[in-house]
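Computed from the coordinates by the stated procedures, all read-outs in this text should not be read as laboratory data. Just so it is clear, the model here is predicted, and its values are computed rather than measured.
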Amino acid sequence: MTAPSTEAASGLRARLQGRSELGVAALLAGIAMVIAVDTANIRHTAINAGVMGPQVVPTIIAIGLGLCAIALAISVLRGGHADAEDGEDIDLSQKAHWPTVFGLGGLILVFALSMDFLGFVIGSALLFYGSALLLGSRRFVWALVIGILLAVGTFYGFVLGLGINLPAGLLTGIL
């Protein structure tokens with residue numbers, strides 16, 4: 001029995017070197033497929049029957065995303081690539097600060113999991129406050145005040161302005 005050849009793997013790796021945009025194309029294609037499958041599972045009822053029906057817009061979006069994925073993949077495979085972004089106020093030679101990235105991801109996950117219990121206002125205010133602290137703010141009280149004002153303003157903008165009910169959580173009866 002012989003060991004598997006690493007030449008094929010290194011050849012593929014060499015061809016894909018610098019073509020990370022293919023990952024974006026694959027992500028776009030995956031999202032397009034999820035939307036297409038979900039669109040195909042929409043049931044027609046008397047309520048949503050109309051001139052256009054509920055499947056038209058998601059179908060257009062799925063087709064558009066699929067076409068973008070194909071066009072991006074073709075462009076990358078033909079040698080095209082995006083130019084590196086010029087940083088105005090950042091040092092592009094520095095690596096990502098992963099504790100901050102994972103901290104922000106954790107905050108978003110906690111926000112999503114605690115939305116029903118805490119409610120939108122408390123959860124959003126804490127999300128803003130935690131994000132501000134993780135991103136380096138040292139104005140603790142000011143960040144909390146801004147978080148509360150943004151959360152309350154957004155809550156009432158959705159509830160009163162758009163008619164979309166957001167969970168009040170612990171503040172049920174107060175808001």
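What the pair-distance distribution of the stretch 98-171 shows, using all Cα-Cα distances binned every 10 Å from zero, is 21, 47, 28, 4 percent. Between Arg19 and Trp98, residue separation times 0.36 nm minus the direct Cα-Cα distance comes to 26.2 nm.
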